[in-house]
Amino acid sequence: DSNDEFVLDRESMRQALKTLEAREQRIIYLRYFDNLTQVEIAERLNLSQMHISRLLTHSLRKVKRAMKR
């Protein structure tokens, strides 16, 4: 059932996000749940947009690896 798969995927994602450091979790939250741009996140966290981009890429790779387990 596709609804069951959705629930399982959602729980897998929740568990994978818990493996991240607090700063990585915050950046993902700001980007994908608050819908801020990388520039807006950079301004809020006093970092460069390029640094935010790298952190997002790194964090999302960690999430994908955690979800494969």
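General observations
- The numbered conditions (1) over 13 Å from the mean Cα position of the chain (by Cα); (2) at pLDDT 95 or above are all true for LEU55 except (1).
- Candidates GLN15, GLN38 - the one that is polar (S, T, N, Q), modelled with pLDDT of 95 or more and at negative phi: GLN38
- Residue within the stretch 33-42 that is touching a residue at least 40 places away in the same chain (Cβ under 8 Å) and either in contact with a strand residue (DSSP E or B) (Cβ under 9 Å, 6 or more places away or on another chain) or assigned to a helix (DSSP H, G or I) (or both) present: no
- Of all positions in the stretch 49-66, none carries a residue that is part of a loop (DSSP other than H, G, I, E, B), free of Cβ contacts under 8 Å to residues at least 24 places away in the same chain and of a type in the set (A, V, I, L, M).
- Selection within the stretch 7-32 - touching a residue at least 40 places away in the same chain (Cβ under 8 Å) and assigned to a loop (DSSP other than H, G, I, E, B): THR19, LEU20
- Count of the stretch 44-61 residues, restricted to those that are surrounded by 14 or more Cβ atoms within 10 Å (Cβ to Cβ) and charged (D, E, K, R), is 1.
The values are calculated or read from the model by the stated rules, or taken from the named source; none is laboratory data. Nothing here was measured: the structure is a model prediction, and the numbers come from that model. No Cβ is skipped: glycine too gets one built from the backbone with ideal geometry, and neighbour counts run over all protein chains shown.
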